[in-house]
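Below is one structure, written out as C-alpha cells; comments come after it.
Derivation of every value follows stated rules applied to the coordinates shown; laboratory data play no part. None of these values were measured; they are calculated from a predicted model. So basically every Cβ, Gly included, is an ideal-geometry build from the backbone, and we count neighbours across all protein chains shown.
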Amino acid sequence: MKEFLQFDRMITPSIIKFVFWIGAGLSVLFGLIQIFAGIASSFGGGFQVVSGLLTMVFGPVVIRIYCELLIVFFKVQETLQEIKNKDNQPM
C-alpha cells in the first residue's frame, strides 16, 4: 500500500492493456459502420467501404503500437527505480 500511495508502483501499465482492447474493438466497430454506410450509399460508397476495411485492419495495429510505446516508458521507469533501489542498499 505504501508503494501505491507514494507512486513508487505504477498501475497504468495494466490499464493500458484494457485501453488497447477497447480501442481495437472500437476500430473494428467503426470500420464495420463505414462499410455498411458505404454499401447503403447510392453514390461514392466504394471509398467508404475501402476506408472501413483499412480502419478495421490498421486501426488495431496503430493502437497496439501506441500502447506498446506507452508501456516502454513505464518499463524504463521501473528499471530506473530498480537501479535507484539497488544503489541505495548498503553493501
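Computed values, structure above
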{"read-out": "Sparsely packed chymotrypsin sites (Phe, Trp or Tyr not before Pro) within the stretch 1-66, loop by DSSP, other Cβ within 10 Å at most 13", "value": "PHE7, PHE43"}
{"read-out": "Calculated FRET efficiency for the pair GLN77/LEU29, C-beta based, R₀ 41 Å, to 0.05", "value": "0.80"}
{"read-out": "Residue-by-residue Karplus 3J(HN,Hα) for the stretch 52-61, coefficients 6.51, -1.76, 1.60, Hz, glycine and proline x", "value": "x, 5, 5, 5, 5, 8, 8, x, x, 5"}
{"read-out": "Structure-based [θ]222 nm, the chain - -39500 (n - 2.57) summed over DSSP H runs of at least 4, per residue, nearest 500", "value": "-30000 deg cm²/dmol"}
{"read-out": "About the Cα centre, charge dipole magnitude for the chain (Lys/Arg +1, Asp/Glu -1 at Cβ), debye", "value": "60"}
